[in-house]
Amino acid sequence: MILLIFDSFKGCMSSQEANEACAEGLRVRHGDVEIQELEASDGGEGFLRAMNPDHVVHCHVHDAMMRWTDADFGIKDGKAIIEVAQAVGLNKIEPELRNPLVATSYGVGELIVHTWEQGCREFIIGLGGSGTSDCGLGMLRCLRHHAQQRLHQMWYDPFDTSVLRALRVTLASDVDSPLTGAHGAAYVFAPQKGADRRQVELLERRAATFAAMAAKHQGFDMSQRPGAGAAGGLGYAFMQFMDAQVESGAELVLRSNHFDDMLQHADLVITGEGASDEQTLMGKLPSIVLRHAQKAGVPVVLVSGRIEDRRALLDAGFTKLVCINDGQPADEDPLDKEVAQKRLVKAAQGIGLS
């Protein structure tokens, strides 16, 4: 049995689409070989689907620009599964409207409220793909409003979030950046969300000021914890005000889908992502898939849109590296979905089973 578990090719193919394209190519060459496909995510795009919830609930929340948008959340074993990008994803904001100084995480708070009203008190929250850099202030404002208006609990002190600490929150993220500093939310991620140099400096000062005020009032500071800088500082808000714990999003997905059990019946694993290099080995989905497969003695092929640092990847244990764009026409856009799918189908035809 061949087990396919692709991450999304960002801006190009979802995990499901990549799995399907690879399966199509394999069947062209190998006929009716047994193939099992598993959607995957490290906490960003596709996290909700990849967690395979018992059921999915549709709702309306505000996006990062405070416009109404459709969003889904899931419930699995009584726990809420939330993908923040469903509400405030960068992909929901037109490029010309992106402004991290005004983008708000309010909609994430609305998602939490909706799950709260479903009776959930445990949350698994995928932090990837957000279009915000507000340190979770919008989310906290929404939750404060909910506590006052719906729970009839007065919340006079903005730094007293004891009502939220009764919740059990696990953050799914592959980001280990702190909130502030050269490797923090503003300097590393805000430019990807449309911030220019001046805005990056403003966002850094805003985050540092907020963290200092919270530390003064609460007596502790989570701003330098790994993962605090995830999702524009949402990681910090969950840690500082809700005692959230961080786990690898990929590990959560694999555990939720009983991946280790699936490996017992696999002869080959094929995994992939949009671009692979040494950073892939720093906790990204393919490296975690590789680690589990190595324990089970199953070989792993890595398929990617761009591959660098080949020696490091091979030394880590991948048995074969396949770049879907090698030798392809230069006049085609490799980020076009149809082009990428066609190339992945073709590349998969070159993967042998021995």
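So here's what we get for this one:
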{"quantity": "Answer from Met222, Met242 - the residue that is farther than 20 Å from Glu45 by Cα and without any contact (Cβ under 8 Å) to a residue 60 or more places away in the chain", "calculated": "Met222"}
{"quantity": "Looking only at the range 319-331, and only at residues there that are of a type outside the set (Asp, Glu), assigned to a loop (DSSP other than H, G, I, E, B) and on the phi < 0 side of the Ramachandran plot, the one that is surrounded by the fewest Cβ atoms within 10 Å (Cβ to Cβ)", "calculated": "Ala330"}
{"quantity": "Selection status of Ala316, under 16 Å from Gln279 (Cβ atoms) and either surrounded by fewer than 19 Cβ atoms within 10 Å (Cβ to Cβ) or in contact with a Gly (Cβ under 8 Å, 6 or more places away or on another chain) (or both)", "calculated": "yes"}
{"quantity": "Every residue from the range 215-259 that is in a helix (DSSP H, G or I) and of a type in the set (Lys, Arg)", "calculated": "Lys216, Arg255"}
{"quantity": "Residue satisfying condition, being in the same structural domain as Gln192 (by TED's automatic domain parsing) and in contact with a Leu (Cβ under 6 Å, 6 or more places away or on another chain), within set Ala87, Ala103", "calculated": "Ala87"}
{"quantity": "Given (1) modelled with pLDDT of 95 or more; (2) touching a strand residue (DSSP E or B) at 6+ places or on another chain (Cβ under 7 Å), number of the condition Asp261 does not satisfy", "calculated": "(2)"}
{"quantity": "Qualifying positions in the range 96-112 - surrounded by fewer than 18 Cβ atoms within 10 Å (Cβ to Cβ) and part of a helix (DSSP H, G or I)", "calculated": "Glu96, Leu97"}
{"quantity": "Residue list for the range 174-192, restricted to those being surrounded by fewer than 21 Cβ atoms within 10 Å (Cβ to Cβ) and closer than 20 Å to Leu97 by Cβ", "calculated": "Pro191, Gln192"}
{"quantity": "Yes/no for Ala208 being over 30 Å from Val298 (Cβ atoms), aliphatic (A, V, I, L, M), more than 22 Å from the chain's Cα centre (by Cα) and loosely packed, with under 15 Cβ neighbours inside 10 Å", "calculated": "no"}
{"quantity": "Flag for Gly43 being within 19 Å of Val289 (Cα to Cα) and either part of a helix (DSSP H, G or I) or within 19 Å of the chain's Cα centre (by Cα) (or both)", "calculated": "yes"}
{"quantity": "Qualifying residue in the range 81-89 (condition: under 25 Å from Lys193 (Cα atoms), without any contact (Cβ under 8 Å) to a residue 12 or more places away in the chain and among the hydrophobic types (A, V, I, L, M, F, W, C))", "calculated": "no"}
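The values are calculated or read from the model by the stated rules, or taken from the named source; none is laboratory data. Since the model is a prediction, treat every value here as computed from it, not as a measurement. Glycine gets a Cβ as well: all are built from the backbone with ideal geometry, and neighbour counts include every protein chain shown.
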